Amino acid sequence: QVQLVESGGGLVQAGDSLRLSCAASGRTFSSYAMGWFRQAPGKEREFVAAISGSGRTTYYTDSVKARFTISRDNAENRVYLQMNNLKPEDTAVYYCATRYGFGSRVRDDYNYWGQGTQVTVSS
């Protein structure tokens, strides 16, 4: 069983930055790909970014590619999402997720999810 706990969300203004963190339990963290998803009110949960177990391969949705960076620290069992130049449309609950093996953009490929952290960007 893997447990995920997100932190780092908050209320910011457009153009500001935030760094989300996700702490994972388990002894084989590097065997698991990690992903960040987000869900805005009234919308489906959507893919944001993912990273392979080694950290060498990353994936992004087009709308965040030039602004967000996903990274991981396998020694600390943590994954991060650095979000720069935030926009009001980035407002959502952000979820950390994990799956054994390769990274994926597909929500249903992920087996374990955190509880989410709220990010609100005011204009």
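Assorted remarks:
- Summarising the label geometry, the points placed 7 Å from Cα in the beta-carbon direction at E76 and R105 lie 2.9 nm from one another.
- Counting only protein heavy atoms and a probe of 1.4 Å, the accessible surface of the chain is 43% carbon and sulfur.
- Neighbour count of at most 13 Cβ within 10 Å plus DSSP loop: longest GluC sites (Glu not before Pro)-free window in the chain: 77-123
- Extension gain for A23 to E89 (0.36 nm times residue separation, less C-alpha to C-alpha distance): 21.2 nm.
- Proximal charge balance of T58 [Cβ under 12 Å; K/R count +1, D/E count -1]: +4
- Dipole magnitude for the chain: computed about the Cα centre from +1 point charges on Lys and Arg Cβ and -1 point charges on Asp and Glu Cβ, it is near 200 debye.
- Area projected by the alpha carbon convex hull of the chain, averaged over all directions, nm²: 6.7 nm²
- Here segment 104-123 is scanned for amide nitrogen atoms under 19 Å from the site 7 Å beyond the Cα of V5 along Cα-to-Cβ, giving 112-119.
- Ranked by solvent-accessible area (1.4 Å probe, protein heavy atoms only, all chains present), the residues K65, K43, K87 order from largest to smallest as K43, K65, K87.
- Listed residues A92, S17, T28: farthest to the positive end of the dipole of the chain (Cβ charges): T28
The values are calculated or read from the model by the stated rules, or taken from the named source; none is laboratory data. These numbers were taken from a predicted model, which means no experiment stands behind them. As a convention, Cβ positions derive from the backbone with ideal geometry for all residues, glycine included, and neighbour counts pool all protein chains shown. Side chains are part of the model used for accessible areas, which takes the heavy atoms of the whole protein and leaves out ligands, DNA and RNA. Shrake-Rupley method; radii C 1.70, N 1.55, O 1.52, S 1.80 Å.
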